[in-house]
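Structure first, then comments.
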Amino acid sequence: MPDHVDNPSPARSHWSVSEMLLRCTFGTRTPAERRLILRGKIVGALILGWLLVGIITHMHPKPLMGVITLFLPAAFYTYYALEKRKYFLSPDELPRRIELEGMAWAYSVGVLATLWLGAIGYVVSLQWPLDPKLLAWVPFFLFGAFLASVKGAYRYFASRRY
Amino acid sequence: MRNDLRVLRARHNLTQAELAERLGVTRQTINAIETEKYDPSLPLAFKIGAVFRLPVEEIFFAENGSVPSRPSRT
């Protein structure tokens, strides 16, 4: 078999690790993927900018600012989720399958984590009352950070399997 | 499921990337099919057949079991 039609090395046979873990894509550089990455960067910059402004100007303790600070990621993530939905229709069947499997895993882990956190949180709150402001950030850390990491990790390991 | 994709690709002097582009999939998908770690969907299998102008059953075949085994070539 001629060299140029032979298999690439195993290391180059997989999708980019950094793209899968950091950008939640497969690094195929399709128009849909580039669009998602650009919009994700804009959304991230706006949220980060708002948080930095809040910290620098010490305005975060005020209730209105707190409400905006919590609603802003929710609103932007809603937009990002809609963009992600468009992107999700673009990959070919194997990346889409991996992404779907990752979502199924993240869902199962999310249900488990919610049940355990709820039970542990209740027990803890009996002894030490929890600050409601702290509770407001739980969904962000649970669903935004933890479950995204679960899906990212699954995406990585599943892509190594194929 | 086993397949002759790598042999056919070499016979047609195509790289994985070139075949992937023709089929509208990623190169990694072609690699996964060639290494028999992933069985393509029926539409993709037919597309592959169309590229090589061969029926699907001459590209994909079972080692043994419930699906037809590799057809004999005359």
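Every number here is computed from the coordinates shown, using simple stated rules; none is lab data. What you see is a predicted model, and the numbers here were worked out from it, not measured in a lab. Because the Cβ atoms are built from the backbone with ideal geometry, glycine has one as well, and the counts that use them run over all protein chains shown.
In table form, for the structure just shown:
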{"read-out": "GNM flexibility winner over chain A from A:Pro63, A:Pro91, A:Pro139 (Cα, springs under 10 Å)", "value": "A:Pro63"}
{"read-out": "Taking all pairs of distinct alpha-carbon atoms in the stretch A:35-90, Kirkwood radius in angstrom", "value": "12.1 Å"}
{"read-out": "³J(HN,Hα) computed for each position of the stretch A:82-95 - Karplus, 6.51 cos²θ - 1.76 cosθ + 1.60, integer Hz, glycine/proline x", "value": "5, 5, 5, 4, 5, 5, 4, 7, 8, x, 6, 5, 6, x"}
{"read-out": "Per-residue average of Cβ from other chains inside 10 Å of B:23-36", "value": "5"}
{"read-out": "Ranked packing of A:46-57, A:119-130, B:15-26, most packed first, by mean Cβ within 10 Å", "value": "B:15-26, A:46-57, A:119-130"}
{"read-out": "Footprinting exposure proxy for A:Phe140, B:Phe52, A:Phe26 (fewest neighbouring C-beta atoms within 10 Å first)", "value": "A:Phe140, B:Phe52, A:Phe26"}
{"read-out": "Neighbour-count order for A:Arg29, A:Arg23, fewest beta carbons within 10 angstrom listed first", "value": "A:Arg29, A:Arg23"}
{"read-out": "Pairwise Cα inverse-distance average, inverted: Kirkwood Rh of the stretch A:34-162 (Å)", "value": "17.0 Å"}
{"read-out": "Between 0 and 90°, nearest 10: helix A:31-56 axis offset from chain A longest Cα axis", "value": "20 degrees"}
{"read-out": "Footprinting exposure proxy for A:Asp92, A:Asp131, B:Asp39 (fewest neighbouring C-beta atoms within 10 Å first)", "value": "A:Asp131, B:Asp39, A:Asp92"}
{"read-out": "Alpha carbon centroid spacing (whole Å) that separates the stretch B:1-70 from the stretch A:111-154", "value": "45 Å"}
{"read-out": "Compactness index (Cα Rg / 2.2 N^0.38 Å), chain B", "value": "1.04"}
{"read-out": "Gaussian network model of chain A, Cα within-10 Å springs - most flexible of A:Pro132, A:Pro73, A:Pro31", "value": "A:Pro132"}
